[in-house]
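Worksheet: the structure to be examined is printed underneath.
Throughout, read-outs are computed from the coordinates displayed, never taken from laboratory work. Owing to the predicted nature of the structure, the values given are computational and were not obtained by experimental measurement. We place every Cβ from the backbone using ideal geometry, glycine too, and count neighbours over all the protein chains shown.
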Amino acid sequence: MKQIAFFDFDGTITTKDTLLEFIKHQKGDFWFYAGFLINSPFLIAYKAGIISNQRAKERILTFFFGKTPLDRFQNRCDQFGKIIHALVRPKALHEIKKLQEAGVEVVVVSASAENWIRNWCKDNGLSLIATRLQTVNEEVTGKIEGNNCHGEEKVRRIRERYDLADYQKVYAYGDTKGDRPMLAIATNPFYKPFR
C-alpha cells in the first residue's frame, strides 16, 4: 500500500516559528524587536486583512535580509540549521520516524524558506516543499519567488509534485488555519496533534 505524509513545519514539528528564531539568531534581540516595531504598521495591516501574508512576510525579509550576498545568507542558514534540532517537538519526531519505518514517504510542506529547513530535512530523510526566496545578482532580495508556500499554495505545490490518486493513504499534520487546505486533501488529517 502506497502512503504519503505531509507535515507543516513551524508550530507542528517545531515549538516556535523558525523565521522569527532565525531573525533573532542573526540580528540579536535588540534589532529583532526594533525591526518589528519599525514594521508594525505592516504587521497590523496584515492582521487586519488589509495586506496579504506574502506582502507582510516580504516586508520583514527585505528589512532584515535584503541585499545580503546569497553565500553569506546560506552560510547563516546552515549555522541556524544546527539550532533547529532544539526546537523540534519529540512527539513530532517520533511520529515521523514511526511513519518512515512503516514505509510512508514523509514530506515537510512549509511557509518558511527552504534555505534554513533544507539541511534538517535532509538529515532526517525527509522531502521538502517550502517557500523559495528570490535572488538577483547573487543577493537575497527579501522577495519571495512565486508564492509564499501557505494555505492553498501548499496544496498547489503538493499536487504539482505528487499525484495523490497514486496513494491509498494520505496523512497531513498542521496547526494553523494556513494548514487547513492541506489537511482537507488528506485521508488522515491531524490538527495540532503534538501539543
ask   = Among ASP78, ASP175, ASP163, which one shows the biggest mean-square fluctuation in a GNM of the chain, springs joining Cα atoms closer than 10 Å?
value = ASP163
Candidates GLY151, GLY28, GLY11, ranked by Gaussian network fluctuation over the chain, Cα under 10 Å, top entry = GLY28
message = Using a Förster radius of 25 Å, what is the FRET efficiency between LYS122 and LEU20 based on their Cβ-Cβ separation? Nearest 0.05, please.
response = 0.65
note = Connecting every pair of Cα atoms under 10 Å apart in the chain and solving the GNM, the largest mean-square fluctuation among THR141, THR176, THR18 falls on THR176
inquiry  = Give me the three principal axis extents of the range 35-93 from the C-alpha atoms, as integers in angstrom, largest value leading.
reply    = 36, 35, 19
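Please arrange HIS85, HIS150 by counting, for each residue, the other beta carbons lying within 10 Å of its beta carbon, fewest first. Numbers along the way, then the final one.
On the way: HIS85 12, HIS150 24.
Ascending number of Cβ neighbours within 10 Å: HIS85, HIS150.
By counting other Cβ atoms within 10 Å of each Cβ, how are GLU58, GLU145, GLU114, GLU138 ranked from fewest to most? Walk me through the numbers before you get to the answer.
Numbers: GLU58 21, GLU145 12, GLU114 17, GLU138 9.
In order of increasing Cβ crowding within 10 Å: GLU138, GLU145, GLU114, GLU58.
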note = From the Cα centre of the range 132-195 to that of the range 27-55, the distance in Å is 23
key: Partner aspartates and glutamates for LYS27 [C-alpha distance under 19 Å; skip if fewer than 8 residues away on the same chain]   = ASP17, GLU58, ASP71, ASP78, GLU139
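I need ASP71, ASP179 ordered by Cβ neighbour count within 10 Å, fewest first.
Values: ASP71 10, ASP179 26.
Fewest-to-most Cβ neighbours within 10 Å comes out as ASP71, ASP179.
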ask   = Using r as the Cβ-Cβ distance of ALA102 and ARG180, and R0 as 30 Å, what FRET efficiency do you calculate, to the nearest 0.05?
value = 0.75
